[in-house]
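The values are calculated or read from the model by the stated rules, or taken from the named source; none is laboratory data. Computed from a predicted model, the values in this text were never measured in an experiment. Don't worry about glycine lacking a Cβ; one is built from the backbone with ideal geometry, like all the others, and counts go over all protein chains shown. Heads up: the accessible areas ignore ligands, DNA and RNA and are worked out on the full protein's heavy atoms, side chains in. Shrake-Rupley method; radii C 1.70, N 1.55, O 1.52, S 1.80 Å.
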Amino acid sequence: MRMNNIYKPVVDIIKKGKRFLVASHAHPDGDGIGSTIALAKGIEHFGKEAVMFNADEIPYNLKYLPYSGDVVSKIGANDKFDAVFMVDCSQRDRIGGDVAKMPREQMGKIVLIDHHMVDNPECDLLCIDADAAATGEVVCRIFKAAKIKYTKETANLLFTTFVVDTGSFRYSNTSSALLKEAAELIDAGANPWAISMALDESNPPSSIKLLEFVLQTFELLFSGKVGALVLSQQMLIESGAPVDVAEEFINYPRSILGVEVAILFRQLKSDKWKVSFRSKHDVDVRKIAAVFQGGGHAHAAGCTIEGDLAVVKTKIFDEVQKHLGT
Ligand SMILES: [Mn+2]
């Protein structure tokens, strides 16, 4: 259920303060970065200062986003803010870098802007709409509550968050409310084809080499209900591809008829693995990820797990099997 009153306290904090920090999770995606920049521009609309932060570099296919070059990855040791907005991320640790280390008294109020349900949020104010398709949709509601008009730039930023988190308006989170909002964004200057070209049709040739390596690891398990892929550090080195190009690889196992759960094991360090899950129908992969201290949504979730790949796979597959039903 959408409750309008979750937005007003956010607007009040913006109106009261002078200087803000907006930050999202490290290894950012289009929703995290698009929401970060759009919210910062909304804050600037009131003549206030908004510093945009991400611990990691902006992925190559998101550099087209307006003002993406203004996102900083360092914060001065004595920098103080009236509030810190954590967007698409409920834990300071996942933001990482200087924000994770910042003394709490320099952060002012911590405000969480998200569309993920969270168990132990580290914040003073929650602005979470679990029905929103993207954090960008929550930012749209903040704009509405604050009576901020979309500019061409904020329209393109927010439209990007929709495209990324709905798989180009295909997933079950594609609601009529979202499409109405998307229509407003187009009226304000969002350019769907330019956004899709930048996101999906700007890959380097090395991405095909990496895909070739990853597809060779394809496994089909549990009577064809689970499909899995592995992406190792060695494959990244040999292909020369940036890791961001692999963002959509998990869609290959999911695309197979009968596969209910798709899994991608991505090597972070020698024995540390990021495991991503996607499901089609009834399997709630957030519950699977939660067993390994991860999170996400019913149809898209992830966790990080340490160990030898064979051991990691066994642990994950055993857990997934429990959720497959009969
Ligand atoms: Mn999101």
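Does anyone have the angle between helix 176-187 and the longest principal axis of the chain? Alpha-carbon axes, 0 to 90°, nearest 10? Taking Cα atoms only, the helix is inclined about 60 degrees.
In terms of Cα atoms, the Rg and Dmax of the range 4-200 work out to 15.3, 45 Å.
Summed over the residues of the range 206-323 and divided among them, the accessible surface reaches 48 Å² per residue at a probe radius of 1.4 Å.
Taking Cα centroids, how far is the range 252-326 from the range 207-236 in Å? Cα centroid of the range 252-326 versus Cα centroid of the range 207-236: 13 Å apart. Taking Glu248, Glu57, Glu49 in turn, the Gaussian network model of the chain (Cα-Cα springs below 10 Å) assigns the largest fluctuation to Glu248. Normalised per residue, the accessible area of the range 4-200 is 43 Å², obtained with a 1.4 Å probe and no contribution from ligands, DNA or RNA.
Remark: spin-label model distance Glu238-Asp119 equals 3.8 nm, labels positioned 7 Å along the Cα→Cβ axis. Computed from the C-beta positions of Asp79 and Lys322 and an R0 of 51 Å, the FRET efficiency is 0.65 to the nearest 0.05.
Distance between the 7 Å Cα→Cβ label points at Lys16 and Ile256: 5.4 nm. Take the Cβ atoms of Ala310 and Ser223, set R0 to 25 Å, and the FRET efficiency comes out at 0.70. Of the solvent-accessible surface of the chain, computed with a 1.4 Å probe over protein heavy atoms with every protein chain present, carbon and sulfur atoms account for 52 percent. Estimated from the Cβ-Cβ distance and a Förster radius of 35 angstrom, the FRET efficiency linking Lys147 and Ser270 is about 0.10.
Partner lysines whose Cα lies under 20 Å from the Cα of Lys322, excluding those fewer than 8 positions away in the same chain, are identified as Lys225, Lys280, Lys287, Lys313.
Helical content of the chain, expressed as a calculated mean residue ellipticity at 222 nm, amounts to -11000 deg cm²/dmol (DSSP H runs of 4 or more residues, -39,500 (n - 2.57) each, divided by residue number, nearest 500).
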